[in-house]
1. Suppose we look only past 31 Å in the calculated P(r) of the chain. What percent of the Cα-Cα pairs does that tail hold?
2. Tell me the relative contact order for the chain as a rounded percent, counting alpha carbon contacts under 8 Å between residues six or more apart.
3. What number, in nm² with one decimal, is the all-direction average of the projected area of the convex hull of the alpha-carbon atoms of region 166-287?
4. If only Cα atoms are counted, what is the Rg of region 274-407, and what is its Dmax, in Å?
5. Please tell me which of these pairs span more than 23 angstrom C-alpha to C-alpha: Lys155/Lys294; Lys297/Lys334; Lys131/Lys294; Lys163/Lys253; Lys95/Lys163?
6. Sort 96-105, 133-142 for me by packing, meaning the mean count of neighbouring Cβ atoms within 10 Å per residue, highest on top.
7. Please give the Cα centre distance for region 143-161 versus region 265-335, rounded to the nearest Å.
8. Contour minus end-to-end for Lys237 and Ser13, with contour as 0.36 nm per residue of separation and end-to-end as the Cα-Cα distance?
Amino acid sequence: MRFNTRLLHGQYSADPGTGATAAPIYQSSAFAHASAEELERIFRGREFGYLYTRLNNPTVEALEKRVAHLEQGLGAVACASGMAAITLAVMNILKSGEEIVCGSGIFGGTFSLFSELDQFGITTRYARDNKIESYAGLINAKTRAVYIETIGNPKLDVPDIEKLARLAHEHGIPLIVDNTVTTPYLVQPLTLGADIVLHSTSKYINGSGNSIGGIIIDSGKFKWDFAKYPALKDYSKFGPFVYLAKLRQGLFKDFGACLSPFNAYLNLIGLETLGLRMERICANAAQLAEYLHKHAKAGAVNYPGLDDHPDHDQATDQFAGRYGGLLTVRMGSKENAFKLINNLKYAANLANIGDARTLVIHPASTINAANSPADQESMGVYEDLVRISVGIEDGEDLVEDFAQALSQI
Ligand SMILES: *Cc1c(COP(=O)(O)O)cnc(C)c1O
């Protein structure tokens, strides 16, 4: 089965009770059971059943199954937001005194979260660049995970997933990959050796910017050393599900950052058209990047699809000739960056990415405003930089809109 078919038929079944074709919204906090004995068996994990929506829910589970299938994982846990997914994915295996080795081009929210984790004794070390040696030099006896994004946002750098997975495994630690920006349409990191993948489903999976959500997918293949990850030992009876079982029965349940059934439903609707939207988004982004690249009033254009992008070959190889919907352009000054944003008619000035509509933002004064100038630079954020999240409009209209906006500068 190919990607678009898998989206629709991979883990799909009509509702067994009613035949409803769209996953019904089980907007219920709790689920009734026939007897006290049955409820006891479910609570003790001896029998499967729905209990309470903070733990599991049929609508949320439909999303978990479909995304796990697309990512070729063993299973998934959906969370209230992408940030909840990142928090839970790392806290599930790290404790005070331990460390994360992380790519430098990561999303500002993740950088901010990892800074917050300092106060709980969890330290993050950032690789200077994407050379394998830069990561290798930071791994020590306390490191418990390597964490990367498939395409850094907004740096748009492209780490080598396969090589980093090999490096992590040589040290007995897992590779965790945020696949929000590329989606399983461009790459399925678990097939390249990554161990855990996560998403902000608020972006491309949802696709219309109408609900916040996150998801964690586990390959089930990583060989956990319980001496290194003692908290997983209690769940060893779950075999390959050890990570997911500890997550669902532990921090996920106890932090309470569950996804609402209604938001799961909106994400399920979006997911069905992920392939179509990504195809269009990638084509539009390539067209706009080429146009801006040649435009006299636009400065440096950063898009992994352009020949001059430092990671172009890596992206071509890893993402099968597609490069996603994010690009950035430098305008020479903050003033010109603001003018470009204000002159655009179609591109909305919004903080998110992955909407059906084209979105633009000036990261330095918004998403990354709290980061120091040095941290901004290592994240690829500059005073004159505009980030564009390309949508599914007609590509010619987007080019015309940027043409008229630039002509007024
Ligand atoms: C938006 C985003 C997140 C955070 O997700 P939320 O759903 O907003 O909490 C994490 N990683 C990346 C790459 C993102 O773009």
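1. On the way: 31838 of 83436 pairs.
Looking at the chain, the distances longer than 31 Å represent 38 percent of pairs.
2. Numbers: 819 pairs, mean separation 69.4, N = 409.
Computed over the chain, the figure is 17 percent.
3. Values: hull surface 35.6 nm².
It is 8.9 nm².
4. Rg, Dmax (Cα atoms, Å): 14.1, 39.
5. Working: Lys155/Lys294 21 Å; Lys297/Lys334 14 Å; Lys131/Lys294 30 Å; Lys163/Lys253 34 Å; Lys95/Lys163 26 Å.
The pairs that break the limit, which is 23 Å between Cα atoms, are Lys131/Lys294; Lys163/Lys253; Lys95/Lys163.
6. Details: 96-105: 20.4, 133-142: 14.8.
Ranking the peptides 96-105, 133-142 by packing returns 96-105, 133-142.
7. Their Cα centres are 17 Å away from one another.
8. Details: separation 224, 0.36 × 224 = 80.64 nm, distance 3.00 nm.
Extending this stretch completely gives an extra 77.6 nm.
No lab work stands behind these numbers, since they all come straight from the coordinates. Remember, it's a predicted structure, so these values are computed and weren't measured experimentally. All Cβ positions, glycine included, derive from the backbone under ideal geometry; neighbour counts span all protein chains shown.
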